[in-house]
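Report on one structure; see the data block that follows.
The values are calculated or read from the model by the stated rules, or taken from the named source; none is laboratory data. Bear in mind that the values here come from a model prediction, so they are computed numbers and not experimental data. So basically every Cβ, Gly included, is an ideal-geometry build from the backbone, and we count neighbours across all protein chains shown.
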Amino acid sequence: MDVDIGPALSETASPGISREALDRLDERVTRAHERIERGRREEAFGYRSLSLPVETDPERLRRATASLAARDPEHLLLVGIGGSALGAATLADALTTPEDGDPETHVLDNVDPEHARRVLSAVDPAETVVVAVSRSGTTTETLANFLAVRDRFERADVDWTERTLVVTGEEGPLRRLADRHDLASLPTPPGVPGRFGVLSAVGLAPAALAGVDVEAVLSGAGEVDLEGSLYDCPAYAYGATAVALSARGARVNALVPYAERLETFGEWAAQLWAESLGKDGLGQVPARALGATDQHSQLQLYRDGPRNLTVTTVAPRERPALRLPGGEDTDGGTSDRPAVPEELSHLAGEDLGRVIDAEHRATVTSLSRAGRPSVRVETERVDARSLGRLLYGFEAACVLAGELLSVNAFDQPAVEWGKRAARGLLGEETAESRAVGDLPELRVEE
């Protein structure tokens, strides 16, 4: 990926960072890079995530998924939540097309019963394979949804054990279930938090079943070089600039992909940013939007609201062609289609990709004219190799940001508190569940 931090400089933006401050920050980036590299060499918890492009074995993924892939499924049902679902969903949404023969991917990542019923009724178990993902194997939402999936298969008299792949750790209920029923399974990588697992079996096993070229994803991620300067490393430029802007008041980071296929990437990046960096009163609140759609709503706030945010746009440089009517045909002759009305002549013969690129440029320019900071992230195109680079780049940016903020980017104590509270309310007594009853109430009812 390439990164343009020019629109975030204090020359044009407030809050913004001066070139002199960037130079000083770069010295900290160099020291942080040394800590990151030491963590990778020592295979320390979390830092090992950045070694996944070379450690993940695509052949092992292929062997584990072979029996399910051989069924030529029409549907892939992914059961997981957070990092155990968003990475694979990002890859599937960006890189697969059911119209071209790829399975249609459905994600059960919430325990809303109406959503679960709708998803389960939309698939034929005889044409479906299931991937259940949980690093701990104890995640309540994943286990509950998996039981619902199992029941759906049994009611349809379809053997769920022959159509299920489990990706989990060495312990926990999900591992014991896999062992008891001799399910196809893969281990989650040791030392890698779930939200950093997209380049492991966590994200790539379901992606492979969805039709993604996982070798190309890993190859692209492996092409990213982490250099010890923000001026030489786009990932570090992004992470360091985000930290600098946050320190100057931009405590919200609006993530705006300018490609429909990257909308789920925005969700993945938001989880990565929030769960990794939101600690000790620090971090940035990720706000998700989609370009150009949300220009017609949220851009008003970004440009004219409080000066407490920065905008990150993500866009491919190359797009598929879709030419609008009017102008000349592709062979140079005059089009025989109806003439475009005069009031629409500025769009005649235009390519739709150029239209969204113009919307993107207009947004960045609009923000700059209003003195609002933004950062542009670009990829070559939306393909497996480019997406691998983008995913890895954002992970590296996040790890660097954690180093600069002096927070542990790899734990999630607040999330774990909520998990224990939920389990307690469902019957497992915990201190957290007892605390839930201590909440004050002030009800306003009809």
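Against the test of being hydrophobic (A, V, I, L, M, F, W, C) and crowded, with 17+ Cβ neighbours inside 10 Å, the options ALA85, ALA70 yield a single qualifying residue, ALA85.
Could you check GLY197 against (1) touching a residue at least 60 places away in the same chain (Cβ under 8 Å); (2) touching a Pro at 6+ places or on another chain (Cβ under 8 Å); (3) in the same structural domain as SER10 (by TED's automatic domain parsing) and say which number it fails? Of the numbered conditions (1) touching a residue at least 60 places away in the same chain (Cβ under 8 Å); (2) touching a Pro at 6+ places or on another chain (Cβ under 8 Å); (3) in the same structural domain as SER10 (by TED's automatic domain parsing), the odd one out for GLY197 is (3).
Got a sec? Which of THR65, THR30, THR97 is of a type in the set (Ser, Thr, Tyr) and buried (at least 16 other Cβ atoms within 10 Å of the Cβ)?
Details: THR30 fails: buried (at least 16 other Cβ atoms within 10 Å of the Cβ); THR97 fails: buried (at least 16 other Cβ atoms within 10 Å of the Cβ).
Of THR65, THR30, THR97, the one residue that is of a type in the set (Ser, Thr, Tyr) and buried (at least 16 other Cβ atoms within 10 Å of the Cβ) is THR65.
Counting only residues that are part of a helix (DSSP H, G or I), hydrophobic (A, V, I, L, M, F, W, C) and in contact with a helix residue (DSSP H, G or I) (Cβ under 9 Å, 6 or more places away or on another chain), how many does region 145-199 have? Write out each step before concluding.
Start the filter on region 145-199 by keeping residues that are part of a helix (DSSP H, G or I), which leaves 145-155, 160-163, 173-180, 194-196.
Of the ones still in play, those that are also hydrophobic (A, V, I, L, M, F, W, C) are 146-149, 153, 160, 174, 177-178, 196.
Of the ones still in play, those that are also in contact with a helix residue (DSSP H, G or I) (Cβ under 9 Å, 6 or more places away or on another chain) are 146, 148-149, 153, 160, 174, 177, 196.
Residues in region 145-199 being part of a helix (DSSP H, G or I), hydrophobic (A, V, I, L, M, F, W, C) and in contact with a helix residue (DSSP H, G or I) (Cβ under 9 Å, 6 or more places away or on another chain): 8 in total.
Taken over region 286-297, the residue count meeting the criterion of being closer than 18 Å to ALA358 by Cα, of a type outside the set (Asp, Glu) and surrounded by 16 or more Cβ atoms within 10 Å (Cβ to Cβ) is 5. Of the residues ALA85, ALA70, ALA32, the single one that is touching a helix residue (DSSP H, G or I) at 6+ places or on another chain (Cβ under 8 Å), modelled with pLDDT of 95 or more and of a type outside the set (Asp, Glu) is ALA32.
A single entry from ARG135, ARG152 fulfils the requirement of being surrounded by 20 or more Cβ atoms within 10 Å (Cβ to Cβ) and modelled with pLDDT under 95: ARG135.
Considering only residues in region 230-279 that are farther than 16 Å from ALA32 by Cβ, more than 15 Å from the chain's Cα centre (by Cα) and of a type outside the set (A, V, I, L, M, F, W, C), the one that is surrounded by the fewest Cβ atoms within 10 Å (Cβ to Cβ) turns out to be GLY249. Residues that are under 14 Å from VAL131 (Cα atoms) number at least 2 in the following helices (runs of 4 or more DSSP H) confined to region 5-96: 58-69, 86-95. Looking at this structure, is THR65 touching a residue at least 24 places away in the same chain (Cβ under 8 Å), in contact with a Gly (Cβ under 9 Å, 6 or more places away or on another chain) and not assigned by TED's automatic domain parsing to the domain that holds GLU395? No: the conditions fail for THR65.
So is VAL407 β-branched (Val, Ile, Thr), surrounded by 16 or more Cβ atoms within 10 Å (Cβ to Cβ) and modelled with pLDDT of 80 or more or not?
On the way: β-branched (Val, Ile, Thr): yes; surrounded by 16 or more Cβ atoms within 10 Å (Cβ to Cβ): yes; modelled with pLDDT of 80 or more: yes.
Yes; evaluated as a whole, the condition is true for this residue.
Just a yes or no: is a residue in region 187-205 more than 18 Å from GLY83 (Cα to Cα), of a type in the set (A, V, I, L, M) and touching a Ser or Thr at 6+ places or on another chain (Cβ under 6 Å)?
Quick first cut of region 187-205, residues more than 18 Å from GLY83 (Cα to Cα) only: none.
No: zero hits.
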